[in-house]
């Protein structure tokens, strides 16, 4: 082996040895925490407020769907009752009317479901970003070097700060209430 190669190998081994010895010493000063964002989002008061607001926003459309369903049931019952005394043309018209109402109902229900899902996704995206910001603010205020989120297979109670962050989220939310 040439002189340069030997020197490079020795230098690389020296750097590796120093790094291996220094790593545990450096790691002792690192403050690490684990947070379950899902648990915070599920239990945060903001989640209940968002769900209540969405229910209120979609209540009129939900009432419309329920009314349309009742109308279909009433028409179906009337058709069954009067079927024996109806003429052929009248029966066909009533059946067509029932099918049209059924299509309108399905369209209303489908649009409602799509719009509701879209609004839920929008609101929960905003909520998740807000909670993530709260976690970052909490970590900085408490001097954490690393916060690990969901996807952790095990966490001891020594590093799990989910409850602490949730308490901070609740306190910050309550501070914004009138």
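Regarding residue 100, is this residue exposed (fewer than 12 other Cβ atoms within 10 Å of the Cβ), more than 19 Å from residue 47 (Cα to Cα) and touching a strand residue (DSSP E or B) at 6+ places or on another chain (Cβ under 8 Å)?
no
In the set 135, 165, 152, which member is in contact with a strand residue (DSSP E or B) (Cβ under 9 Å, 6 or more places away or on another chain) and not in a helix (DSSP H, G or I)?
Criteria check complete, one pass: 152.
So residue 118 passes all but one of these: (1) closer than 30 Å to residue 171 by Cβ; (2) modelled with pLDDT of 95 or more. Which condition number does it fail?
The single condition residue 118 does not satisfy is (1).
Kindly establish whether residue 27 is at pLDDT below 50 and closer than 24 Å to residue 144 by Cα.
no
Yes or no: the range 80-91 includes at least one residue that is surrounded by 11 or more Cβ atoms within 10 Å (Cβ to Cβ), out of contact with any strand residue (DSSP E or B) (no Cβ under 8 Å at 6 or more places or on another chain) and within 25 Å of residue 57 (Cα to Cα).
No, the range 80-91 has no match at all.
What number of residues in the range 110-123 are surrounded by fewer than 16 Cβ atoms within 10 Å (Cβ to Cβ) and in contact (Cβ under 8 Å) with a residue 12 or more places away in the chain?
Summing the residues that are surrounded by fewer than 16 Cβ atoms within 10 Å (Cβ to Cβ) and in contact (Cβ under 8 Å) with a residue 12 or more places away in the chain in the range 110-123 gives 4.
Among the numbered criteria (1) more than 21 Å from the chain's Cα centre (by Cα); (2) modelled with pLDDT of 90 or more, which single criterion is violated by residue 45?
For residue 45, the exception is condition (1).
What is the one condition in (1) in contact (Cβ under 8 Å) with a residue 24 or more places away in the chain; (2) farther than 22 Å from residue 55 by Cβ; (3) surrounded by 13 or more Cβ atoms within 10 Å (Cβ to Cβ) that residue 152 does not satisfy?
(3)
The values are calculated or read from the model by the stated rules, or taken from the named source; none is laboratory data. The shown structure was predicted, so the numbers you read here are calculated from the model rather than taken from an experiment. Positions of Cβ are generated from backbone atoms using ideal geometry, with glycine treated the same way; all protein chains shown enter the neighbour counts.
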